[in-house]
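Comments concern the structure below.
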Amino acid sequence: MVGKFREMKRRGERITALTAYDYPTARLLDESGLDIILVGDSVGMVVLGYKDTTQVTLDEMLHHTRAVRRGVKSALLVADMPIHTYDTPLRALGAEAVKLEGGVTHVAQIERIVAAGIPLMAHIGMLPQSVREEGGYKVKGRSREQAEALLRDARAVEAAGAFSVVLEIIAPETAKTISASIEIPTIGIGSGNDCDGQILVTHDLIGLFPWFTPKFVAPEANVAEQIRKAARGFVERARRG
Ligand code: KIV
């Protein structure tokens, strides 16, 4: 199943991916023809109300992944591995298709997961699970040193067997160079148009998390306002009796 993504890259076909955390969203996205649906650990922020993704547990990911599984028929379903669940390779085994954050530092984990027959999506650049150490969501790959380090990360995860790699908030020129330098597809988020595919957090795309929208997102809808409007209408009608 994941071999098709490398083929898509070869043919110059762009790969589309969005996040889902529940059954109806997963089913709607799947019916919309997406290639990949990710149960991101962004669930911690946009659904569970945590400050960042570092509090998300494996149990929470399993709970949401099971719901999404029931709604997805066609897309590839990838689940994020939450922080510290892949510190040692053995704990990483047991999922179906997973994503973890890290490049050269995580080659051993990636190799073990892939050797166990689990398709693995890597994730380099800005790593949300390291946001506290990083002091914020900062652009990566602007300096030559950072760009070279990211290219090393991309090559390392490819060699370790990842079937694709997310490039998060990487300077567009660097993301373009990385995409041209490896054979597995790059899936960009806030990294310009020259990646092999694009991914967004669905709540950002549809305007369902109005308290914060990343700069690189142009929302296609304002679902938060629709909910407020419907709720206000209900309150008025119900109070009127
Ligand atoms: O958790 C998530 O939603 C992600 C995407 C932003 C790539 O990792």
Open item on the list: Give me, ordered by chain and number, the residues 5 or more places off Gly188 or on other chains with an amide H under 5 Å from its own placed amide H.
Closed with: Leu167, Asp196, Gly197, Gln198, Ile199
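Relative to the compact-globule scaling 2.2 N^0.38 Å, provide the ratio for the alpha-carbon radius of gyration of segment 93-181. The partial results should precede the final answer.
Numbers: Rg = 12.9 Å, N = 89, 2.2 N^0.38 = 12.1 Å.
Ratio of Rg to 2.2 N^0.38 Å for segment 93-181: 1.06.
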- [ ] Kindly express, to the nearest 10 degrees and within the range 0 to 90, the angle between helix 172-181's C-alpha long axis and the longest C-alpha principal axis of the chain.
- [x] 50 degrees
- [ ] Round to the nearest 10 and report in Å² the accessible area of His203, as given by a 1.4 Å probe over the protein chains' heavy atoms.
- [x] 20 Å²
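When the Cα atoms of segment 4-240 are enclosed in a convex hull and the volume is divided per residue, what value in Å³ results? Don't jump to the answer; show the numbers that get you there.
On the way: hull volume 30.8 nm³, N = 237.
Per-residue hull volume (Cα only) is 130 Å³.
From the P(r) of segment 22-120, can you give the percent of Cα pairs sitting at distances over 16 Å?
Working: 2697 of 4851 pairs.
Of all Cα-Cα distances in segment 22-120, 56 percent exceed 16 Å.
Run the helix sum for the chain: -39,500 (n - 2.57) per DSSP H stretch of 4+ residues, divided by residue count, reported at 222 nm to the nearest 500 deg cm²/dmol. Walk me through the numbers on the way to the answer.
Numbers: 10 runs with 98 residues, N = 241.
Theoretical 222 nm ellipticity from helices: -12000 deg cm²/dmol.
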Task: Amide H within-cut-off set for Ala79, under 5 Å, with H built and near neighbours excluded - done: Val39, Ala97, Val98, Lys99
Task: Karplus-derived 3J(HN,Hα), 6.51/-1.76/1.60, for each residue of segment 128-145, Hz, glycine and proline x - done: x, 5, 10, 4, 5, 5, 7, x, x, 8, 9, 5, 10, x, 7, 7, 5, 4
Open item on the list: Could you give each residue of segment 33-40 its phi-based ³J(HN,Hα) in whole Hz, using Karplus coefficients 6.51, -1.76, 1.60 with θ = phi - 60°, and x for Gly or Pro?
Closed with: x, 5, 7, 9, 10, 10, 7, x
Open item on the list: Less than 19 Å apart at the alpha-carbon level, and either on another chain or at least 8 residues along: which lysines does that give for Lys4?
Closed with: Lys73, Lys99
Task: All-pairs Cα distance distribution in segment 148-222, expressed in whole percent, bin size 5 Å - done: 3, 17, 25, 20, 13, 10, 8, 3, 0
- [ ] Return the aspartates and glutamates within reach of Lys176: Cα separation strictly under 17 angstrom, same-chain partners fewer than 8 residues apart disregarded; answer none if there are no such residues.
- [x] Glu13, Glu145, Glu148, Asp153, Glu158, Glu168, Asp194, Asp196
TODO: Using only Cα atoms, locate the centre of segment 51-73 and the centre of segment 77-153, then give the distance between them in Å, rounded to an integer.
DONE: 17 Å
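The values are calculated or read from the model by the stated rules, or taken from the named source; none is laboratory data. Predicted model only: the values in this text are computed from it and were never measured. To get the accessible areas, we keep the full protein, side chains included, count just its heavy atoms, and leave off ligands, DNA and RNA. Shrake-Rupley method; radii C 1.70, N 1.55, O 1.52, S 1.80 Å.
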